[in-house]
Amino acid sequence: MTTMFTRCLFCHGSFAENDRLAHMPRGRRIAYDPEQGRLWAVCSRCHRWNLAPIEERDAALYELERLARDHARPLGHTANVSLLGAGSLTLVRVGDAGLVEQAWWRYGRELRRRKTSFESRRSKVAAYTFGAMQYLGDAIGFSDGDVAIDWSDTPVADVLRWRRFGWAAWHGRETCPYCNSTLRALRYDLGWWVYPLRGEDGRLGVGIPCQRCDPWTPEKVYELHGDVAENVLRRLLAYQNIAGASERKITDAARAIEEAGSAGAFALDVSERRQSLWKMGKVGTIGLEIALNESVERRLLDLEVRAIEFIWRREEEIARIIDQELTPRRLLEAHMRRLPVRLRPRLGHLTAEVEGR
Ligand SMILES: [Zn+2]
Ligand SMILES: [Zn+2]
């Protein structure tokens, strides 16, 4: 059991307990390099990296590698740095990323969670109460006329949807290329008829059938592109999948994504088919929601992990100096000898460096 780090060396903020690591019990974000034998606790307050004393790293490194291998979810990576999640812990692992990306798996958990909360008694009661008020409001002519609640079918889902999303997935001004009529808003309950398409920029777009023209002719559509289209699609899909999904449906959707090769490829396949969300069915729309969320999350994580790589380069330089210049040689050598065998490939290299000085 180690005594290291109860507080940040820089800002004296305390490191929270993580309940996961016996040899590094504090710190919620931990950076480490199993090859070079480096270990840092990253302060959640000032974000500085605290290099662990060299003689206290071995056991923690071993424990971290095991945790990363068996229990962590990959969140993103560059060529040199991977970001991993394990419960309340975030790990920054230096070294090449040989781990399979499983974002859809993580997202599947979100859909399962939604299903549980949707089915909970409390959310039903709240929805019915709210629905009843709306019903009364209708009766005395005092409510939002754009809200359509189908009391015979799935009123709970309808009420929850309306409370959470409002009535329109998009407001703006688009002109139909055929009849010149203007679309000002896209109502959620008409969202089933939109379809994903591939824009000229290669990205996912949205086609909205023109109500005035022939709504069944695929050419007669309003088109949204770029970030706007992506946001509209994500909103529509979240609306439609508000009840969450069963294990079975999530597995099927994940399999479809796997078969396509990646989440991005799946979304592209779907857009080529020009099918309405309705026609795509539950598995199709769940797959698309997973794919879209994955791509947004990926972009954010890419930014984060690139920033981390930048910081790591600076910290690694400092760590190398501290380890080599300031640590007595015998300590370093003892440290290398104690490293588990599979963490020891750099032994020769490091001791050579020490001796070369
Ligand atoms: Zn700090
Ligand atoms: Zn039209």
Sum of side-chain charges, ILE242 neighbourhood, beta-carbon under 9 Å (Lys, Arg +1; Asp, Glu -1): +3
CYS213 accessible area, 1.4 Å probe, all protein chains in place, Å² to nearest 10: 20
Gain upon complete extension [ASP227, ARG255; 0.36 nm per residue less C-alpha separation]: 7.4 nm
Full-stretch length increase - THR182, ILE318 - with 0.36 nm per residue and alpha-carbon distance subtracted: 42.9 nm
For LEU236, solvent-accessible area (1.4 Å; no DNA, RNA or ligand), Å²: 0
Size of charge dipole - the range 201-289 - debye, nearest 20, with Cβ of Lys, Arg +1 and Asp, Glu -1, no other charges: 340
Cα gyration tensor, the range 11-88 - rounded (a/c under 1.5), prolate or oblate: rounded
In Hz, Karplus ³J(HN,Hα) per residue of the range 72-77 (6.51, -1.76, 1.60; θ = phi - 60°; x = Gly, Pro): 8, 9, x, 9, x, 7
Computed accessible area, ARG187, all protein chains, 1.4 angstrom probe, square angstrom: 80
Two-decimal log10 I(q)/I(0) for the range 179-265, as the Debye equation yields it once each C-alpha is a single scatterer, q = 0.13, 0.24 Å⁻¹: -0.52, -1.26
Carbon/sulfur fraction of accessible area - the range 197-262, other protein chains in place, 1.4 Å, %: 44
Calculated FRET value between ARG306 and ARG198, using beta carbons and R₀ = 22 Å, to 0.05: 0.20
Sequence of TRP192, TRP278, TRP49 when ordered by accessible area, the most exposed leading, probe 1.4 angstrom: TRP278, TRP192, TRP49
Dipole axis of the range 236-316 (+1 Lys, Arg; -1 Asp, Glu on Cβ), positive-most option in ILE250, SER295, LEU277: LEU277
Listed residues SER295, SER271 arranged by accessible area, highest first, probe 1.4 Å: SER295, SER271
Whole-Hz couplings from phi, Karplus 6.51/-1.76/1.60, listed for the range 11-23; x for Gly and Pro: 10, 6, x, 7, 8, 6, 6, 10, 6, 10, 10, 5, 9
Spin-label proximity, CYS11 to the range 35-53 - amide N less than 20 Å from point 7 Å beyond Cα toward beta carbon: 40-52
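The values are calculated or read from the model by the stated rules, or taken from the named source; none is laboratory data. Keep in mind the model is a prediction, meaning the values are calculated, not measured. Glycine also receives a Cβ, built like all others from the backbone with ideal geometry; neighbour counts cover every protein chain displayed. Accessible surface areas use protein heavy atoms only, side chains included; no ligands, DNA or RNA. Shrake-Rupley method; radii C 1.70, N 1.55, O 1.52, S 1.80 Å.
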